[in-house]
Each structure stands twice: as C-alpha cells, then as structure tokens.
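Taking it in order: structure first as structure tokens, then the write-up.
The values are calculated or read from the model by the stated rules, or taken from the named source; none is laboratory data. Keep in mind that this is a model prediction, so the values were computed, not measured. Cβ sites come from the backbone with ideal geometry, for glycine too, and all protein chains shown count toward neighbours. For accessibility, only protein heavy atoms count, side chains too; no ligands or nucleic acids. Shrake-Rupley method; radii C 1.70, N 1.55, O 1.52, S 1.80 Å.
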Amino acid sequence: MSSIAATLQQVGGRIAAACEAAGRPVQSVTLMAVSKTQPAQALREAFLAGQRHFGENYVQEALAKQEALRELRADMVWHLIGPLQANKTRAVAQAFDWVHSVERLKVAERLSAQRPPGMPPLNLCLQINVSGEASKSGVAPQDALALAQGVVRLPGVRLRGLMSIPEPTRDVALQRSRHRALASLKDQVQQALGAPLDTLSMGMSDDLEAALAEGSTMVRVGTAIFGARQP
Ligand SMILES: *Cc1c(COP(=O)(O)O)cnc(C)c1O
C-alpha cells in the first residue's frame, strides 16, 4: 500500500469513529483531500486509493495539476478553498466544481456570469469569520444572510452552505464552540432564505472530530493525508 493510501485509510477511520460517536451515518460526510503545495503525483496516488474530492488554495497551481491529471478529470471533484480575487474568477468558473471562499457578492456575480453554458452551476460556500479575528478572511456572521440572499439569485452558481477556518487551538471545547457557531448560523440562514443548505465545510487535520461532532458535512484534510507541506 502506498503511504498516501495508508494515511487516507487512517483519516477514514477517524471520520468513521467520530461519526459513530455522534450517531451519524459516515455517508453524511465528504472527505476533501487538501493538496496545496503537493505534486500532481501525490494527487494521483490518492486518486488510485479511491479519493475523489481535492481542495486547492492557489488557482495557478491547481490549473497546472489539472493539466497534469487531465485523464482523471472526469472523476475528480475540484474545490477552491483559498482566497479568490476578482481577476481570477473566469479561470475558476471554467475549471472548478466548488468554491468555498466566497466573501463578496461581486466575486459570486462574476463566477455566475462566467460559468460556461453547458456546465452545471458552480457550487459555492460562503466563508464566515467565526473567530472574529481582524486579520482573517471571511464575512462577519451578521453579514452572512445579506450575502446569501444576493448569491441565491444568481443563475450560474448554487449556494450549498457555509465554510470556516477557525483559529488553530488544541482546546477542544473552543474548537467545538467555533464549529457550533457555524452550524447554528447555517440553520438561521437557511431558515431565513427558505431554502435548504446542505453543506457545512468545517474541520481540518487537527479538529475534524470536533467539527463532525457539531455537524460538519465536509472535512478539509491536508497534513494528515499528505504529510507536512513544503514551504
Ligand atoms: C490548508 C488548508 C486546509 C488543510 O489544513 P490541514 O491542517 O493541513 O489539514 C483546510 N482548509 C483550508 C482553507 C486550508 O487552507
């Protein structure tokens, strides 16, 4: 077994245990392999071990890997999870299946307008700043509903849910409270919209158990699958 197949199996075991503890079906969770800074060969190994969802932070880097892996493209699901500037939206609308880092209506409008006809709507999550750190990306929780109301009207995109990157901490109670805040905000937003949101994108290598206990439907795991990133 390749080492990536082995670490994927370990992460799958952590997800299964956390789902069991929370009384949730394991099928309610999607594992995204976060492959930023990793070579295309590492994604290929993960793919051969059965992994299908991949998350990247940088548009150019992701496009180069998609080119290197083009024969696998039809069976891969590509997620952009890093900050997205308005001048990169066209490439993203053409090449990705999901964007998790939407924090401005203008960016969502461009993605919608630039999504090629014939492709399914681009799946979007709104990134929420649940820790309230001034330096962090994401919209403030109190601004999430207004942004969601703008995004749901756009024809080329489909609003799927909310995403967060809380401050790193070993304090499990704090991890849980940040994840609980995102889950309850998702409930409030979907109720106000009158439309269901099916995605809570939260939990990474060090806090996926806390995230799954609070209802995460998609965990974004890099280091625990691929090892430490090259700087
Ligand atoms: C890098 C990154 C991850 C993965 O983090 P790990 O701690 O390596 O699992 C998840 N989400 C986002 C947005 C990231 O940038």
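Residues whose amide H lies under 5 Å from that of GLU167, counting only those 5 or more places away or on a different chain, are SER131; hydrogens are built 1.01 Å from N in the peptide plane. Annotation for ALA40 and ALA173: the two label points, set 7 Å from Cα along the Cα-Cβ direction, are 5.0 nm apart. Counting only Cα atoms, region 111-157 measures 40, 18, 12 Å along its principal axes, largest extent leading. Diffusion coefficient of the chain by Stokes-Einstein, Kirkwood radius over Cα pairs, 4 °C, 1.567 mPa s: 73 µm²/s.
Within straight-line reach of LYS106, meaning a Cα separation under 16 Å, sit the following lysines at least 8 residues removed in sequence or on another chain: LYS88. Backbone geometry of region 13-19 corresponds, through the Karplus equation with coefficients 6.51, -1.76 and 1.60 at θ = phi - 60°, to 3J(HN,Hα) couplings of x, 5, 5, 4, 5, 5, 5 Hz, x marking Gly and Pro. Normalising the average separation of contacting C-alpha pairs (under 8 angstrom, six or more residues apart) by the number of residues puts the relative contact order of the chain at 21 percent. Backbone amide hydrogens, once placed in the peptide plane, bring HIS53 within less than 5 Å of ALA33, VAL77, excluding anything fewer than 5 places away on its chain.
Residues in region 100-111 carry Karplus couplings, in order, of 9, 10, 7, 9, 9, 4, 4, 5, 5, 4, 5, 4 Hz; the curve used is 6.51 cos²θ - 1.76 cosθ + 1.60 with θ = phi - 60°, and Gly or Pro positions show x. One quarter of the convex hull surface built on the alpha carbon atoms of region 126-205 amounts to 5.6 nm², the projected area averaged over directions.
The calculated FRET efficiency for GLU71 paired with GLN230, based on their beta-carbon distance and R0 = 22 Å, is about 0.30.
Normalised per residue, the accessible area of region 105-154 is 47 Å², obtained with a 1.4 Å probe and no contribution from ligands, DNA or RNA. Note that region 199-210 has calculated 3J(HN,Hα) couplings of 10, 10, 8, 7, x, 10, 3, 8, 9, 5, 5, 4 Hz, one per residue in order, obtained from phi through the Karplus relation 6.51 cos²θ - 1.76 cosθ + 1.60 (θ = phi - 60°); glycine and proline are x.
Taking all protein chains together, ASP97, ASP206, ASP187 sort by accessible area into ASP206, ASP187, ASP97, largest first [probe 1.4 Å].
Could you compute the FRET efficiency for GLN149 and ARG52, with r as their C-beta to C-beta distance and R0 at 35 Å, rounded to 0.05? Step by step, r from the Cβ atoms, then E = 0.65.
Rolling a 1.4 Å probe over the protein heavy atoms of the chain, with every protein chain left in place, gives an accessible area that is 52 percent carbon and sulfur.
The sum of -39500 (n - 2.57) across all DSSP H runs of n ≥ 4, divided by the residue count of the chain, sets its helix-only mean residue ellipticity at 222 nm to -12500 deg cm²/dmol. Spin-label pair ALA192-ALA5: with each label point 7 Å from Cα along the Cα-Cβ axis, the two points sit 4.9 nm from one another. Of the residues THR30, THR223, ranked by 1.4 Å probe accessible area with the largest first, the sequence reads THR223, THR30.
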